[in-house]
Amino acid sequence: MRIYDQQLCRMADCFVLPTWVAHEFSVERVRSCCVPESLVLCDSPENVADYWKGHIESERGFNSDCEQLVVLLLDSRNRVRGHHVVGIGTVDSVSTHPREIFRVAIMIATSRIVLLHNHPSGDPTPSVSDIRTTKEIERAGRVVQINLLDHVIIGDSSFSSLRELGHICD
């Protein structure tokens, strides 16, 4: 339902209301990320970590003192279609829900995702919460038929792949 300025003016005769303008919302296409040819294919944790360094850390508003959770959106051949910042947390956590992770992936009909987040402490070792969240996202992905390929945790000079550590099933 839209409320237009004229209707608000008529309603304002009886009530004290602020002047509002009708707003329309639409779904826009996820922005295409300009990626070098060597990073178009994200089929390894190394490539994913390089993508983080080249695209996430360089974004305006990136704060290395807070955890940031990003979903990397891939096509069926593991080529990057874009990324979405799901959440910005605190110094040691970021809150999320599977619906937030899969919302954009479903809208653009991607078939695979990779989760990425940083540890401001610099230590990329996954926490119990990281492992639990990864398993929850993996289960949700099976329901909507979007594969979680990996969850990569970025530290200061290294990274951890939860797939390589055995926390994601094939």
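List of remarks:
- Top-ranked residue in segment 108-161 [being assigned to a loop (DSSP other than H, G, I, E, B) and among the acidic types (Asp, Glu); ranked as most open to solvent (accessible area, probe 1.4 Å)]: Asp156
- Number of the exception - Leu73 against (1) out of contact with any His (no Cβ under 8 Å at 6 or more places or on another chain); (2) outside any loop (DSSP other than H, G, I, E, B); (3) farther than 20 Å from Ser93 by Cα: (1)
Residue-by-condition table, conditions (1) touching a strand residue (DSSP E or B) at 6+ places or on another chain (Cβ under 6 Å); (2) over 12 Å from Ile154 (Cβ atoms):
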site	(1), (2)
Asn47	no, yes
Asp50	no, no
Ser58	no, yes
Phe62	no, no
Gln68	yes, no
His84	yes, yes
Asp92	no, yes
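- Inter-residue pairs, beta-carbon under 6 Å, first in contact (Cβ under 8 Å) with a residue 24 or more places away in the chain and closer than 15 Å to Glu46 by Cβ and in segment 158-169, second in a loop (DSSP other than H, G, I, E, B) and among the hydrophobic types (A, V, I, L, M, F, W, C), 6+ apart: Leu162/Ile168
- Selection of segment 37-52 for residues being modelled with pLDDT under 55 and either open to solvent by less than 70 Å² (accessible area, probe 1.4 Å) or basic (Lys, Arg) (or both) yields only Leu39.
The values are calculated or read from the model by the stated rules, or taken from the named source; none is laboratory data. All figures in this text were calculated on a predicted structure; none of them were measured in a lab. So basically every Cβ, Gly included, is an ideal-geometry build from the backbone, and we count neighbours across all protein chains shown. Ligands, DNA and RNA are stripped out before the accessible areas are found, and what is left, the full protein with its side chains, is counted by its heavy atoms. Shrake-Rupley method; radii C 1.70, N 1.55, O 1.52, S 1.80 Å.
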